[in-house]
Structure formats: structure tokens, C-alpha cells
1. Suppose every Lys and Arg Cβ carries +1 and every Asp and Glu Cβ carries -1, with no other charges. What dipole size does the chain come out with about its Cα centre, to the nearest 20 debye?
2. Calculate, for LEU2 and LYS40, the FRET efficiency according to 1/(1 + (r/R0)^6) with r their C-beta to C-beta distance and R0 22 Å; round to the nearest 0.05.
3. For a Förster distance of 30 Å, can you work out the FRET efficiency between the beta-carbons of ILE125 and ASP200, rounded to the nearest 0.05?
4. Order of 3-13, 152-162 by packing, highest average Cβ count within 10 Å first?
5. Can you list the residues, at least 5 places off or on another chain, whose amide H is less than 5 Å from the amide H of ALA227, using H built in the peptide plane?
6. What is the sum of charges around ARG189, taking Lys and Arg as +1, Asp and Glu as -1, for the other residues whose C-beta is under 10 Å from the C-beta of ARG189?
7. Measuring from centroid to centroid over Cα atoms, what is the spacing of region 68-115 and region 41-64 in Å?
8. Among residues other than LYS63 whose Cβ falls under 14 Å from its Cβ, what is the net charge (Lys/Arg +1, Asp/Glu -1)?
Amino acid sequence: MLYEIRNQNLSFSADTFGAELHSLKKDGLEYLWQCGEAWKRYAPVLFPFICSPEGRNYRAGGKTYHMNANHGFARDLEFQLLEQTETTVSFILHDSPETLAQYPYPFALTIKYTLLADGVKIENIVQNTGTDTMYFYLGGHPAFNCPLEAGTDFTDYYIEYEKNETLTRKIQHQDVILAEKQNKIPVTRALFDYDAIILDNPDSESISLKSEKSEHSVTVVFPDSQAIAVWSPEKDDNAAFVCLEPWTSVPVYYDDNQPDLEKKAHAVKLEAGQNYHYTYEIHVK
């Protein structure tokens, strides 16, 4: 079920299915990609994995498990409405026989959206409801319209990091530098020929999608993140969007040399009975 929160000039909507953000509008302009043929998502929640281990197989507690889909299962499950106010809506997902067959830990995952003056705050709260330490990865995957308004094109936009960063990617098993101590990258189709651009341990705490030809832009603020990814489907001109993805860490496949989830270097560790809070914000203008 879809829930909408609005004020005089700003609104967002979010669904109980996947606790997924479906819309973010300011003064009637839609900033979020509207689930088109090029990618049938809006802004999925990534839990308990970011991407997938090799073959979607891993071990936990000495037992082998298989994750049924990429990015875990939260994005494809029905959450329950937890609370709705004039400015917030929150959803909760509990473990179930379906999740325990893929992932051995009891949990409660709460996603809370709060309307801000110029955007939305997204709070992700993981509670370990079991008796053992649990391990997971967690992140957001919001897709933003690119172009943001009529009269501009995909290639009129650029990615702007808060601070200068050095960006590399692996091409044919070699590290290739995309940008060295820069904070702006032009958006092109070729930029995504080798999948997402993932920045590990960024100096920046925000990233923006902007154009010199438009006054409209999107900024994602991610102070709690150890990784930020930028993605759009390669070689698909119908994919008129760019994802700015704040993650707790680099994806699970970075740790594929270690099959045991408890020993994976980038997994979040949460003790029994404890809560883990992960927050980011989306600002639009």
C-alpha cells in the first residue's frame, strides 16, 4: 500500500512493498525515476546484502545458504505499516520462514521516511532480535531522473562529490583511474560501461547530480556511509536516470575470498538485542 506525505510544495510517497520510496516531488517536479522498462525499481532497500556473493552462496554458522536474489530480500518483501504522522511514515519487516531459509538471523528492519524542508530523511534501523551476533550489509539505491527537466539531456549532467576524490575501476583485471583528486565527473553512457562506480571510504559526505543548464539538482547526504556508488544501465538510452547509492560498505562480493559471513571484512556486526541505525538524506532544488 502506498502512503503519501506532503506539505505546500514538497511531497514523497513510499510503499509497504519493499518499504520503497516511489516519488519525491518539489513544486510539481518529479525527481525520482518512475520505474520504467529500463529498470523496474524506484529506490530499493538493500538488505541483508549489497549486491551478491559469488553464485549468491555463502556460509554462516558453518552452514551454506543461498540468497534467492541480488541485493538481498528486503526489496521484494511486504513490510507492515509501523507509524504515520503528518511528516513521517515508517515500515517494519520481521524475519520469517522465507528469510530464515536464506539468512539465519532473526531481525526487525525498520525504514522511516521524514519530510524535510527540501527533501526527505531515510532512517534504516536493524534490530538483532536473536540470541547470536548477526552480520549484514545495508544500503540505499535511489534512482533520480536524468535529465531532471525538459530541455536538458542525459549528457548535460555531471556528478559532483563534496570533496576531491580519486576514482578507480577495474577494467580487464587492471585498475584504471577515472578521476584523480577531482570532484566533478561528466555523465555519459560510456561512464557505466563497466557497471557502477564505487568509492570506498570517501572523504565526501555528500554527492550531487547537477547540470549547468538547469537550476534543479539532487544531493544525497551520507555521513554514516563507508561507500558511495553511482550507477546507470550501460548502453541504454531509455535509462533516463542515475542512481546515487549510499552504502554501509563496499558490496559483499568484495569479500568473496572469505565465504563465511562472520569473517567478511565489510559486514556490519550487531550483537544480540542491539540496534543499528543507518541514515541518509535526499535534498532537492
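Here, each number is a calculation from the coordinates, and none is a lab measurement. Given the structure is predicted, the values throughout are model-derived calculations rather than measurements. Here Cβ is always computed from backbone atoms with ideal geometry, including for glycine, and neighbour counts include all displayed protein chains.
1. So the dipole magnitude of the chain works out to roughly 240 debye.
2. Working: r = 16 Å, r/R0 = 0.74.
The value I calculate is 0.85.
3. E between ILE125 and ASP200, to the nearest 0.05, is 0.80.
4. Numbers: 3-13: 15.5, 152-162: 17.6.
Per-residue Cβ counts within 10 Å, averaged per peptide and sorted highest first, yield 152-162, 3-13.
5. Here ASN201, TRP247, SER249 satisfy the definition.
6. -3
7. 15 Å
8. -2
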